Structures are given as structure tokens and as C-alpha cells.
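First up is the structure itself, then whatever we jot down about it.
All of the numbers you see were taken from the coordinates with simple rules; none came from a lab. Remember, predicted model here, so these are calculated numbers, not experimental data. As a convention, Cβ positions derive from the backbone with ideal geometry for all residues, glycine included, and neighbour counts pool all protein chains shown.
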Amino acid sequence: MTLDHSEYPRQDDGLGELLRYENVAWFENGIVRILDRRVYPTQKRFVHCETVDEVAEAIADMVTQSAGPYTAAGMGMALAAWQVQNASEKRQVEALEYAAHRLSTARPTTSVRMQKITGAALMKAKELLQKGESDLSSHLFRLALDSLERRYRRMSKVGHNLVSLFPKKALVMTHCFGETIVGTMIRAAQERGIEMQLICPETRPYLQGARLTASVASDMGIDVTVITDNMPAAVFSTHPVDVFTTAADAITVEGYVVNKVGTLQIAIAAQYFGIPYYVTGIPDNIKIDDITIETRDPRQVLGIGGIRHTKDAVKGYYPAFDITPPTLVSKIVSDGGVLDPLTLSGYEPPDDANGDFYSGS
């Protein structure tokens with residue numbers, strides 16, 4: 001599958017290598033190709049998925065994360081259609097329904113958002129089948145690609161809204177990898193003439209801050225410094241940090257922010273030192289009680305890079321996300337403007353039936 005530059009303005013133009021569409025997740029000739037973010041940038045390796053189950057496993061195994069799984073899920077739906085393209089209508093629907101469920105539940109904390117991606121693809125496929133269309137996979141690929149383009153365009157608006165809150169010289173701390181917003185924030189700052197420096201906690205156990213956020217910043221010419229996960233408070237106490245900002249894996253109607261574990265402790269430290277915490281994203285139509293915090297394999301915190309650092313009897317604990325209350329959040333920045341986290345219950349989000357806004361952490 002190719003992307004026609006004359007039709008698409010390529011909202012990924014000028015962003016880091018990691019954020020180029022083809023380097024997120026891509027369906028072509030019966031294979032979904034996903035850049036393995038677990039080893040990037042020391043290796044540029046792609047995982048090739050030939051089945052829907054393999055795509056779901058790649059999402060669960062964090063081959064891709066942040067907003068990457070949403071694109072992988074869309075491309076996985078195109079793969080599902082490809083594999084049953086010559087089957088009966090009943091068989092095609094069954095296969096696509098299975099794919100929609102399998103992909104959307106690959107990671108429990110983001111399942112509500114993922115269901116929008118797979119649900120939109122399933123609905124599109126059923127409409128096409130009723131019209132007698134035989135080539136569903138190309139249509140679902142295009143749907144996933146359109147979703148990418150819309151999300152990047154909307155996140156560009158978020159980036160501009162976010163940097164409008166920055167001073168002309170801004171020392172900014174992030175956490176984990178906010179995916180598209182990292183690139184669009186930097187691009188917007190450059191367009192506005194803001195001199196930005198970035199501080200990235202490393203983000204154990206996969207080091208997304210060190211490997212992914214810092215790589216995008218470096219690609220785009222930003223002065224970027226990596227610190228360990230236990231340094232943010234110390235940095236706040238000794239350096240004139242202007243802003244702490246993250247994306248979000250979920251924002252509830254009550255204003256709670258679900259994001260990569262470690263966000264809460266940095267938000268607490270930021271409030272103590274009088275540093276604003278700006279969350280980028282759009283409120284979900286869910287409440288905090290609807291959230292399931294994913295607990296991952298505890299062995300992943302007992303070592304790094306495949307090397308264990310503890311004795312065999314030592315236990316590990318790995319909640320993938322934590323929950324930051326609205327009282328620790330200064331503003332929630334969306335494509336529609338800057339919002340008060342304490343009054344989100346009256347917020348009416350723009351139509352997002354395809355789930356293509358989400359940036360993740």
C-alpha cells in the first residue's frame with residue numbers, strides 16, 4: 001500500500017523518524033509491519049505479523065505502545081479482511097468480529113479507546129459487504145490511514161494549544177512517550193520561535209523516555225537530557241523547570257488522568273515546587289471506576305534488556321499505569337482549547353467515533 005503525497009499533505013512531515021506513518025504500523029501484502037519500539041533506536045527492527053493474533057500479541061508485548069497500538073489495531077483489521085477475502089459473507093463477518101474483539105482487548109486499560117478503532121472498521125466492513133464490495137482490506141487500510149492523518153492533524157492543534165502556555169524559553173519535563181504530541185509540540189514550539197529544552201525521565205522498564213521521546217526530540221534538533229525515574233523531584237529543586245507535561249491513556253469525566261506509572265509521583269512533586277502540569281488529550285466518556293489498571297509480568301521490573309539484576313527469590317510488582325487526581329492537574333489541553341480538569345463533566349468533546357484522537361503515553 002502506498003500513500004499519495006498529492007492527496008495527503010503528510011501531517012508527519014518534519015517529525016522524528018519514529019513518528020513517520022510507515023514506522024508506526026503498516027499493512028501491505030498480507031502482513032502488518034510494526035516498528036519494534038522495545039529496541040529502537042539501537043536497532044531499527046520491524047515485527048512482521050501474519051495473523052490477527054500476532055498483531056494482538058505485538059500490542060500486548062509492547063512492540064508498540066503509546067498511540068501505536070491504535071494504528072496497529074486498524075491495520076490488524078485490514079489484515080483480518082485480507083485473510084478471508086474469498087470467503088462467504090458470514091465467514092468474513094465472523095473473522096472481523098473476532099479480530100475487533102481480539103485487538104481491542106489486547107491491553108485492558110485502553111480497551112474502551114481501542115474498541116472505537118476496531119468498531120469503526122467492523123462497521124465499515126459490514127457496510128461494504130452489504131454493497132457487494134469484495135476488496136475490504138484496501139478500504140480498511142485506508143480507514144486506518146485516514147485515522148492516522150486526522151489524529152496527526154488534530155494533535156498539531158493540541159501542540160499549538162500546549163506551547164501557547166509556554167514561556168519564550170521553556171525548560172520542559174515529560175514522562176514516558178506521548179507519541180504524536182511529542183513531535184507536534186516540538187514542531188509548534190519551533191514554528192512559534194520558542195526556545196525549548198526537554199528533560200525526559202528514562203521510564204522503566206522499557207525506557208520509553210530515554211529511547212523514544214529523546215530520539216524524536218534529537219531527530220528534530222531539540223536540546224534533550226535524559227534522567228533516571230527517581231530524579232524528577234531533585235531536578236525540580238535545582239533547575240528552573242517551567243512545565244511538566246504528559247499525554248494520557250485515559251482522562252475520565254471527573255478529570256482523573258490515567259497514564260504511565262510514575263506520572264503521579266512527578267505530578268505531586270511538580271505541585272510542591274509550583275510547576276504547572278499540563279495533560280494533553282481529550283476526555284473519555286468514562287468514570288474512574290470504569291478503569292482497569294493493567295498489571296504486567298513482574299519479572300519485567302527485576303531486570304532490563306533481558307538481564308536479571310535480582311536473586312531468584314526476589315519478587316517484582318509492575319502496574320503499567322497510575323491515576324493522577326484532577327487536583328494535581330493544572331490544565332487539560334485538547335484540540336478544542338485549554339480545559340479545567342475540575343469541570344470536565346460539562347465538556348462536550350468533538351465527534352471522535354473513529355477514536356483517532358488519542359495520543360497515549
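Remarks
- From least to most packed, judged by other beta carbons within 10 angstrom and beginning with the fewest, 176, 49 follow the order 49, 176.
- 0 to 90° range, to nearest 10: angle between helix 89-104 axis and the chain longest Cα axis: 10 degrees
- Fewest-first sequence of 27, 177, 46 by Cβ atoms within 10 Å of each Cβ: 46, 27, 177
- Potential extension, residue 309-residue 146 segment - 0.36 nm per residue separation minus Cα distance: 54.3 nm
- Mean ellipticity per residue at 222 nm, deg cm²/dmol - from DSSP H runs of n ≥ 4 across the chain, formula -39500 (n - 2.57): -11000 deg cm²/dmol
- By definition, a body whose alpha carbon gyration tensor gives a ≥ b ≥ c is oblate when a/c is 1.5 or more and a/b is not larger than b/c, and the range 165-346 fits this oblate description.
- With a Förster radius of 51 Å applied to the C-beta separation of residue 297 and residue 134, the computed FRET efficiency comes to 0.75.
- Just checking the listed ones, 318, 278, 70: in the Gaussian network model of the chain with Cα springs under 10 Å, the one fluctuating most is 318.
- Equivalent ellipsoid, the chain (semi-axes from 5 times Cα gyration tensor eigenvalues, Å): 33, 23, 20
- For the options 234, 25, 67, a Gaussian network treatment of the chain with springs between C-alpha atoms closer than 10 Å singles out 234 as fluctuating the most.
- Karplus 3J(HN,Hα) series, Hz, for the range 113-124 with 6.51 cos²θ - 1.76 cosθ + 1.60 (x for Gly, Pro): 5, 5, 5, 5, 5, 6, x, 5, 5, 5, 4, 4
- Distance histogram in 10 Å bins (all Cα pairs of the range 54-156, percent per bin): 17, 50, 28, 5, 0
- Taking the DSSP bridge list for the chain and keeping only pairs wholly inside it, about 55 percent are antiparallel.
- Ranked by how many other beta carbons lie within 10 Å on average, peptides 338-345, 55-62 from highest: 55-62, 338-345
- Ranking of 309, 175 by neighbouring Cβ atoms within 10 Å, starting from the fewest: 309, 175.
- Helix axis angle, 68-83 relative to the chain longest principal axis, alpha carbon, degrees: 10 degrees
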